[in-house]
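One structure is given here, and the rest of the page talks about it.
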Amino acid sequence: MAYIHRTNGTATNELIWTLSMWVKQSDPDLGAMLAGAAGATNTPEFSITGADVLQFWTASATAYLATTAKYQDPAAWRHIVIAVDTTQVSASDRIKMYVNGEEPVLTTSTYPSASYNSELNKSGEVIEIGKTGPVALNGVLSHVHFIDGIQYTASTFGETDATSGIWKIKTSPTVTYGNNGFFLKMEDRTNLDLDSSPNAHTMTTSGTLVATYDTPSNNF
């Protein structure tokens with residue numbers, strides 16, 4: 001089991017955060033564990049399930065979003081974003097999910113109450129990338145951005161190619177990371193957990209990460 005983790009410092013705003021990542025599943029039947037928090041009471045889980053749907057879930061399904069679409073192609077890189085701001089007045093604005101720049105149709109949409117703390121950005125909590133609970137990611141990650149204090153849309157991190165019409169990566173997006181934010185490019189094959197954000201946080205890797213030349217811009 002290999003994943004990256006860090007203990008959060010004092011958050012800019014625990015209730016507002018964005019996670020953007022490019023993901024390629026190795027075996028869709030096994031799902032893809034994207035992110036979670038090690039000791040959180042609300043046990044936030046962001047994943048592509050074994051049933052191939054993208055979901056964000058917290059304890060007792062207080063917050064629970066799941067897509068109608070199924071993500072099953074092991075040859076495809078996908079840009080996946082979850083953006084949370086539970087200070088929003090409208091419940092449906094408190095959690096947003098995006099796949100390749102678009103908001104997917106949801107088969108389940110249970111939005112949390114105002115000012116609900118999902119605890120992924122909670123001060124002192126351990127955020128885990130590539131793992132939820134006891135299960136690690138089955139796949140490859142690239143260009144992982146975690147933003148503390150701002151709810152960004154997917155277009156902050158990606159854009160449609162004018163020639164091909166394909167959703168593509170913005171390699172250097174203009175963002176404000178906040179206190180707990182980080183940027184894992186995963187380009188340095190000798191230091192895959194390097195934080196390339198201005199925060200330069202020290203990240204920890206458990207297990208052995210395996211470098212690959214397979215990237216969103218160079219799909220093998």
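Of the numbered criteria (1) within 30 Å of Ala38 (Cβ to Cβ); (2) out of contact with any Gly (no Cβ under 6 Å at 6 or more places or on another chain), the one Gly178 fails is (2). Might you check whether a residue that is among the hydroxyl-bearing types (Ser, Thr, Tyr) and out of contact with any strand residue (DSSP E or B) (no Cβ under 6 Å at 6 or more places or on another chain) occurs anywhere in the range 91-100? The answer is yes, given that some residue of the range 91-100 is among the hydroxyl-bearing types (Ser, Thr, Tyr) and out of contact with any strand residue (DSSP E or B) (no Cβ under 6 Å at 6 or more places or on another chain).
The set of residues from the range 172-213 being of a type in the set (S, T, N, Q), within 16 Å of Ser142 (Cα to Cα) and under 18 Å from the mean Cα position of the chain (by Cα) comprises Ser172, Ser196, Ser197, Thr205. Scan the range 23-78 for residues that are of a type in the set (Phe, Trp, Tyr) and within 20 Å of Asn100 (Cα to Cα) and the total you get is 4.
Among (1) β-branched (Val, Ile, Thr); (2) within 21 Å of Pro112 (Cβ to Cβ); (3) out of contact with any helix residue (DSSP H, G or I) (no Cβ under 6 Å at 6 or more places or on another chain), there is one condition Thr10 misses while meeting the rest; what is its number? Single failed check for Thr10: (2).
Throughout, read-outs are computed from the coordinates displayed, never taken from laboratory work. Every value quoted in this text rests on a predicted model; they were computed, and no experiment measured them. All Cβ positions, even for glycine, are placed from backbone atoms using ideal geometry, and neighbour counts span all protein chains on display.
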